[in-house]
Protein chains: 2
Amino acid sequence: MTSITDLILETFRLNGDLLSAGDELVADLDLTSARWQVLGAIGMASSALPVAHIARNMGVSRQAVQRIVNELETRHLLQFMPNPHHQRAKLVSLTKKGRVVFDAAMERQRPWADWLSNDLSSEDIELAFRVLKALRSKLEFRYNLQPKESSNVEEFA
Amino acid sequence: MTSITDLILETFRLNGDLLSAGDELVADLDLTSARWQVLGAIGMASSALPVAHIARNMGVSRQAVQRIVNELETRHLLQFMPNPHHQRAKLVSLTKKGRVVFDAAMERQRPWADWLSNDLSSEDIELAFRVLKALRSKLEFRYNLQPKESSNVEEFA
DNA sequence: CATATATTGACAAGATATTGTCATATTGAC
DNA sequence: GTCAATATGACAATATCTTGTCAATATATG
């Protein structure tokens, strides 16, 4: 019989393996899972966003994102642009090079995702997703989680 | 429609929230999620094990466990015992204090786990568990993951 | 407008984890 | 028994992330 504890431990292990696999998948693009996730949060956004917004969207701390963003800016994958609404909170966007690298990563991710899921029915994936989401919602409600730092604010776009 | 990618991102987020919740759950026992997990791997084992074995059981690197184990030994929750099969690889076991703290954490975990899962059917939990496990197996097979360092060896009991 | 409150990025400290290297110890092939 | 291969813990370097603090900047309430 499977307990919720088994599911929790399985989540920890899968998380680790996903990060390892992601690292390997994009290593030759000079990316890591962490960089890829940040790049993704920016590449998928409808418009350029300040670091703090990206962090909230991702559900991690502001400083974690700040460090990666600064690193990616040094590598010319990201650039800071003036923010008409805020002098200090510059808007972060992909450079041309950043777009190319991000697109390359996504190209690679597509067949990889197909491979990973081709044994599973979409119903199974859907249900697993809903279970995980239910657990997360409950934790975030109970423990006031998610923002991790600073408070919750929506897009301003 | 839910894609495997959604499930992956959900796994990342749930992982983070579980660690945060775990930290809070055992903070006043002077534990953290990381320490608790190590304590658990030792407390649940049928016999005392060397650090490298514990790491393999947990699926994390040897050094991650070594650091925590050394820390918990300093705090007198763990102790090193001579290993008849290996001079350097001492066996790690709970001290009396370690057992008390670990039991206290487990006492606390039980009702918390019930609370977390009381909305979900055991079928849903079971299925989610099997989906995650299937993904993990596939990743570990494809990427030669898990041991993370050194090779795979079974218990020597 | 004025002022309390929020947000933001910078900076620093620390927690957690991986990776590489090394010397030592153990194991296995022959 | 010898010797190559492997396992182990120590040590060091690095990656990732969180938390706390601070000054500057916005925002909101009066």
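Quick note: the coordinates plus some simple rules give every number you see, no bench work behind them. Note that the structure is predicted; figures quoted are calculated from it, not measured. No Cβ is skipped: glycine too gets one built from the backbone with ideal geometry, and neighbour counts run over all protein chains shown.
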TODO: Using only atoms on other chains, find how many Cβ atoms lie within 10 Å of each Cβ of peptide A:17-23 and report the average.
DONE: 6
Task: Estimated dipole of the protein assembly as shown in Debye, rounded to 20 [Cβ of Lys and Arg +1, of Asp and Glu -1, Cα centre] - done: 1020 debye
- [ ] Please give the peptides A:36-46, B:109-119 ranked by average Cβ packing (other Cβ atoms within 10 Å per residue), highest first, as a rough proxy for protection.
- [x] A:36-46, B:109-119
TODO: Measure nothing but the geometry: give the 0 to 90° angle between the long axis through the Cα atoms of B:96-117 and the longest principal axis through the Cα atoms of chain B, rounded to 10°.
DONE: 10 degrees
Task: Separation in nanometres of the label points that stand 7 Å from Cα toward Cβ, at residue A:76 and residue B:19 - done: 3.3 nm
TODO: Would you tell me the mean number of C-beta atoms belonging to other protein chains that fall within 10 Å of each C-beta in A:106-117, as a whole number?
DONE: 3
Task: the protein assembly as shown: radius of gyration over Cα atoms, expressed as a fraction of 2.2 N^0.38 Å - done: 1.08
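Can you order the peptides A:129-136, A:69-76 by their average number of other Cβ atoms within 10 Å per residue, highest first?
So the peptides A:129-136, A:69-76, ranked by packing, come out A:129-136, A:69-76.
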Task: Rotationally averaged projected area of the range A:1-110 (alpha carbon convex hull; nm²) - done: 8.4 nm²
- [ ] State, in angstrom, two size descriptors of the range B:33-88 derived from its alpha carbons: Rg to one decimal place and Dmax to the nearest whole number.
- [x] 10.6, 31
Task: CD proxy at 222 nm, helix term only [per DSSP H run n ≥ 4: -39500 (n - 2.57); per residue of chain B; nearest 500] - done: -21500 deg cm²/dmol
TODO: Could you check which residue among B:125, B:68, B:54 shows the biggest mean-square fluctuation in a GNM of chain B with a 10 Å Cα cutoff?
DONE: B:125
Task: Inverse mean reciprocal Cα-Cα distance (Kirkwood Rh) of the range A:70-112, Å - done: 11.5 Å
Task: For residues of B:134-145, the mean tally of beta carbons on other chains within 10 Å - done: 6
